[in-house]
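The values are calculated or read from the model by the stated rules, or taken from the named source; none is laboratory data. These figures come from a predicted structure and were not determined experimentally. Cβ placement follows ideal geometry from the backbone for every residue including glycine, while neighbour counts extend to all protein chains displayed.
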Amino acid sequence: MALLETVNIIKRFGGLTAVNKVNFRLDTGRIVSIIGPNGAGKTTFFNTLTGIYQPDEGRINFNGRMLNGLRPDQIASRGISRTFQNIRLFANMSVIENILVGMHVHLKQTPIDTLFHLPNFKNEEKESELKAEELMTYVGLKGVGNELAKNLPYGGQRRLEIARALAADPLLLLLDEPAAGMNPQETEDVTRLFRRIRDEKGITILLIEHDMRVVMNISEHICVMDYGEKIAEGTPEEIRSDSRVIEAYLGRGAVAGQHEEKIA
Amino acid sequence: MIPVFLKDIIKRLEEGIYPYVIILAHMVSGTALVYTSPRSNLAFLVLITSFFTLYYFKTDRRFKLIVGVVLTLFIFPVVGVRNIFYLEVIFQISVFAALALGLNIVVGFAGLLDLGYVAFYAVGAYLWAFFGSQQYYVLHFAPGTQPSNLPFLLPGDAFYLFMFAAILIAALTGILLGTPVLRLRGDYLAIVTLGFGEVIRVLANNLDKPLNFTNGPQGITPIQRPTMPQSVVEGFNALFGRIVGHQVTPADMYNVMFYLLALAVIIVIAFVTRRLDDSKIGRAWTAIREDETAAIAMGIPLVRMKLAAFAVGASFAGVMGVLLAGSRTFISPESFSFMQSIGVLSMVILGGSGSIPGVILGAATVTILNLQVLQGLSLYLSQLRQSDAVIPIINFAWANLSTQLDPAKYQRLLFGLILILMMIFRPEGLIPSQRRKRELASDKDGDKE
């Protein structure tokens, strides 16, 4: 079943068409990557999915309902969580608070519960705190709950962003260049983490990534974008040998055989 | 910056029974000083700062509570009744502390720079000014032409009811003003709120026609106060009459009452602020302040949460407005100028935006600087001016000093300096806000690894 489906979506900025008639289908429980040269429209595509931009044309269906016209927070509460290309944590909040913010859509405490610390409030806070700690352990951030997010090392911040996104119990997790700036060891660790998230939690993952080791290693399906258009789609093997992809990355006239390994 | 031996001394003073001794000594000496020299600003400063000694040192919570209660409920009122100017200063500190705490929710928590906060204060004040005076019967008269001996619309005791009504009305005003404004970010929001603040003031100034709602620039007076039972005055006299040294009048008791009401409002605000801060709502506000885009991607409805912050902040200002109208019995648009908004904002920034004790400290500092230090300097200068004193070397006679150099006129300079210096040297404020430390099971495990 298609969890997410876009039909001919177009997003223009003035004269520039950043996303052009993209048809995309993502089935439940898969790990899919979007790749493409810089400026190909990948992040714009993400932003259109999450409601930060409204598509100018086309439809987005998610979990059987249309997302067009919804605000980002409404889309988030329907089960799409994301991380950002340039980490966007709540820098001056503690690690655990960042994760608690991620649970926002699930918390049912009313202002009255909050003001008078009624049992509803206390139980919910206790439970969410425990759940947040579990998530911290899950992504490998044990014992830093009271640190401010800005004081974490870079890799820790990336992990925290993932934990925050997971806190919302999403159906679909969008990861925007999650391995950017990481060393090979860290990259390998987060790659393993993504696979665990899918296998253990059953969360569908869609990621944008430039690091081809990650992409080829983890993806079951790859979608290639260039100049706002989807130029190819397929399994890693198919993408590796697709002449349009090689052309997009290396320019017209490049000899396919020579550059295959560079992409891979 | 501080020499090592001084640090050692301070550290030693924070242990054992020293904090208790220091707090009590400070409080008792302050009280004694004020008691022996009831006109001295300095003595009063010693007394009022004892409140912050109490805050600074770590002691048993019950001890803090008891000393706090003694200070605020007994010493301040009694000292204040002896010299009504002190009570006025304490009252103003309380009013501004409450306002600053309200603004703190908007600016400190949600990060929405509101330069027109005083508008909500005005709404509360005019609410009671209209219903608690004869203004209802003046609706069809131009200012100054109404007949005398008009009746009052409501009894004075409706004041208490209006303190609660103001919460609602001001919150609604907040939502009304906020709805078109809060889609804007940062600088744009600041400018538009500034505009709205002025709109409310200008409305108050001009709403004397076609129907005379606000009596225009002349303002509304007299505004009723709740009744003061004779027994309260007599009781106070019987208890403290001998310490005060003169017969306490109902007017004195009114001042005490409004101070206590302001205190009660502060306690409620501080309580509400703390509870909200440590909940889904407060975390959402902080998240919005930190990063709007990330916050909305986490499912936080931006506009609704911002409106909530605006409404909560506004409602506190509304209550204080009613209190102001009651205590002053006179309200005019002048009380709600842009300068007031800036004043409250500078208190929040000085104290530490987002921090409850910080904001109270900020309010106290700015108010004391304004009412006591600047005016004390003015008084001193005018005394010098009247004397024959001469500045030696340059041979300048104090008598020739221009009256333009009256420090009391330099309130704005003071606000400006505070804002600039704080931004440069301590942008997080005197008492920076701190995230709550949670007791986490995983922390203990983490230590072992």
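Let's see how each residue does on (1) farther than 18 Å from B:Ala364 by Cα; (2) surrounded by 13 or more Cβ atoms within 10 Å (Cβ to Cβ); (3) in contact with a Gly (Cβ under 7 Å, 6 or more places away or on another chain):
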position	(1), (2), (3)
B:Leu6	yes, no, no
B:Ile22	yes, yes, no
B:Ala43	no, yes, no
B:Val46	no, yes, yes
B:Arg61	yes, no, no
B:Val79	no, yes, no
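Take the residues in the range A:131-144 that are within 25 Å of the chain's Cα centre (by Cα) and within 8 Å of chain B (Cβ to nearest Cβ); name whichever of them is modelled with the lowest pLDDT.
It comes out as A:Lys142.
Matching residues to (1) part of a helix (DSSP H, G or I); (2) more than 10 Å from chain B (Cβ to nearest Cβ):
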site	(1), (2)
A:Gly69	no, yes
A:Ala76	yes, no
A:Ser81	no, no
A:Asn86	no, yes
A:Leu89	no, no
A:Asn92	no, no
A:Glu97	yes, no
A:Leu100	yes, no
A:Val105	yes, no
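Determine whether A:Thr187 is over 21 Å from B:Arg435 (Cβ atoms), part of a helix (DSSP H, G or I), free of Cβ contacts under 8 Å to residues at least 60 places away in the same chain and more than 15 Å from the chain's Cα centre (by Cα). Even if it seems obvious, please write down each step before you answer.
Details: over 21 Å from B:Arg435 (Cβ atoms): yes; part of a helix (DSSP H, G or I): yes; free of Cβ contacts under 8 Å to residues at least 60 places away in the same chain: yes; more than 15 Å from the chain's Cα centre (by Cα): yes.
Considered against the rule, which asks whether it is over 21 Å from B:Arg435 (Cβ atoms), part of a helix (DSSP H, G or I), free of Cβ contacts under 8 Å to residues at least 60 places away in the same chain and more than 15 Å from the chain's Cα centre (by Cα), A:Thr187 comes out as yes.
For residues that are in contact with a Gly (Cβ under 8 Å, 6 or more places away or on another chain) and not aliphatic (A, V, I, L, M), scanning just the range B:149-195, find the one that is surrounded by the most Cβ atoms within 10 Å (Cβ to Cβ).
B:Gly174
Exactly one condition in (1) out of contact with any strand residue (DSSP E or B) (no Cβ under 6 Å at 6 or more places or on another chain); (2) under 19 Å from B:Glu292 (Cβ atoms); (3) of a type outside the set (Phe, Trp, Tyr) is false for A:Pro111; which is it?
Of the numbered conditions (1) out of contact with any strand residue (DSSP E or B) (no Cβ under 6 Å at 6 or more places or on another chain); (2) under 19 Å from B:Glu292 (Cβ atoms); (3) of a type outside the set (Phe, Trp, Tyr), the odd one out for A:Pro111 is (2).
Mind listing whichever residues of the range B:183-238 are farther than 30 Å from B:Leu260 by Cβ and part of a loop (DSSP other than H, G, I, E, B)?
Matches in the range B:183-238: B:Arg183, B:Leu184, B:Arg185, B:Leu207, B:Asp208, B:Lys209, B:Pro210, B:Leu211, B:Asn212, B:Phe213.
Only residues that are part of a helix (DSSP H, G or I), at the interface with chain A (Cβ under 7 Å from one of its Cβ atoms) and free of Cβ contacts under 8 Å to residues at least 12 places away in the same chain: list them for the range B:270-281, please. So that I can check it myself, show each step before the final result.
To start, the set of residues in the range B:270-281 that are part of a helix (DSSP H, G or I) comprises B:270-277, B:280-281.
Then keep just the ones that are at the interface with chain A (Cβ under 7 Å from one of its Cβ atoms); that gives B:272, B:275-276, B:280-281.
The answer is B:Arg275, B:Lys280.
If a residue must be more than 8 Å from chain A (Cβ to nearest Cβ) and β-branched (Val, Ile, Thr), how many such residues does the range B:282-330 contain?
Looking only at that region, the number is 6.
Residue-wise test of (1) crowded, with 19+ Cβ neighbours inside 10 Å; (2) of a type in the set (S, T, N, Q); (3) within 26 Å of B:Glu439 (Cβ to Cβ).
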{"position": "A:Asp113", "(1), (2), (3)": "yes, no, yes"}
{"position": "A:Tyr138", "(1), (2), (3)": "no, no, yes"}
{"position": "A:Tyr154", "(1), (2), (3)": "no, no, no"}
{"position": "A:Arg158", "(1), (2), (3)": "yes, no, no"}
{"position": "A:Leu166", "(1), (2), (3)": "yes, no, yes"}
{"position": "A:Leu175", "(1), (2), (3)": "yes, no, no"}
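Mind checking which residues of the range B:88-120 are buried (at least 24 other Cβ atoms within 10 Å of the Cβ), more than 15 Å from B:Ser335 (Cβ to Cβ) and not hydrophobic (A, V, I, L, M, F, W, C)?
Those that are buried (at least 24 other Cβ atoms within 10 Å of the Cβ), more than 15 Å from B:Ser335 (Cβ to Cβ) and not hydrophobic (A, V, I, L, M, F, W, C): B:Ser94, B:Gly102, B:Asn104, B:Gly108, B:Asp114.
Based on what the data block shows, is A:Leu171 more than 12 Å from every other protein chain (Cβ to nearest Cβ) and at negative phi?
So A:Leu171 passes the test.
Checking the condition free of Cβ contacts under 8 Å to residues at least 40 places away in the same chain and farther than 30 Å from B:Gly108 by Cβ, which residue from A:Gly79, A:Gly41, A:Gly64 passes?
On the way: A:Gly79 fails: free of Cβ contacts under 8 Å to residues at least 40 places away in the same chain; A:Gly41 fails: free of Cβ contacts under 8 Å to residues at least 40 places away in the same chain.
One residue alone meets the criteria, A:Gly64.
Mind checking whether some residue in the range A:120-136 is of a type in the set (Phe, Trp, Tyr) and in contact with a strand residue (DSSP E or B) (Cβ under 9 Å, 6 or more places away or on another chain)?
Step one: of the range A:120-136, the residues of a type in the set (Phe, Trp, Tyr) are A:121.
Filter once more, keeping what is in contact with a strand residue (DSSP E or B) (Cβ under 9 Å, 6 or more places away or on another chain): none.
Checked against the condition, which is being of a type in the set (Phe, Trp, Tyr) and in contact with a strand residue (DSSP E or B) (Cβ under 9 Å, 6 or more places away or on another chain), the range A:120-136 yields no hits at all.
Looking for something touching a Pro at 6+ places or on another chain (Cβ under 9 Å) and touching a residue at least 60 places away in the same chain (Cβ under 8 Å) - is there at least one such residue anywhere in the range B:374-395?
Within the range B:374-395, one or more residues are touching a Pro at 6+ places or on another chain (Cβ under 9 Å) and touching a residue at least 60 places away in the same chain (Cβ under 8 Å).
Give me the pairs, please: first residue somewhere in the range B:329-348 and within 19 Å of B:Phe213 (Cα to Cα), second residue anywhere and surrounded by fewer than 24 Cβ atoms within 10 Å (Cβ to Cβ) and small (Gly, Ala, Ser), beta-carbon distance under 9 Å, and either six or more positions apart or on two chains.
Listed by first residue and then by second, the contacts come to B:Phe330/B:Gly219; B:Ile331/B:Gly219; B:Ser332/B:Gly216; B:Ser332/B:Gly219; B:Pro333/B:Gly216; B:Pro333/B:Gly219; B:Glu334/B:Gly219; B:Ser335/B:Gly219.
Determine which member of the set A:Ala254, A:Ala248 is modelled with pLDDT under 90 and in a loop (DSSP other than H, G, I, E, B).
When all the criteria are applied, what remains is A:Ala254.
For residues that are of a type outside the set (Ser, Thr, Tyr), more than 8 Å from chain B (Cβ to nearest Cβ) and either in contact with a Lys or Arg (Cβ under 7 Å, 6 or more places away or on another chain) or outside any loop (DSSP other than H, G, I, E, B) (or both), tally how many sit in the range A:117-129.
Qualifying residue count, the range A:117-129: 7.
Could you say whether any residue in the range A:35-47 is outside any loop (DSSP other than H, G, I, E, B), on the phi < 0 side of the Ramachandran plot, facing chain B (nearest Cβ under 8 Å) and of a type in the set (S, T, N, Q)?
No - not one qualifying residue is present in the range A:35-47.
Given the conditions (1) surrounded by fewer than 15 Cβ atoms within 10 Å (Cβ to Cβ); (2) in contact with a Ser or Thr (Cβ under 9 Å, 6 or more places away or on another chain); (3) among the charged types (D, E, K, R), and given that A:Lys108 satisfies all but one, which numbered condition is not satisfied?
(2)
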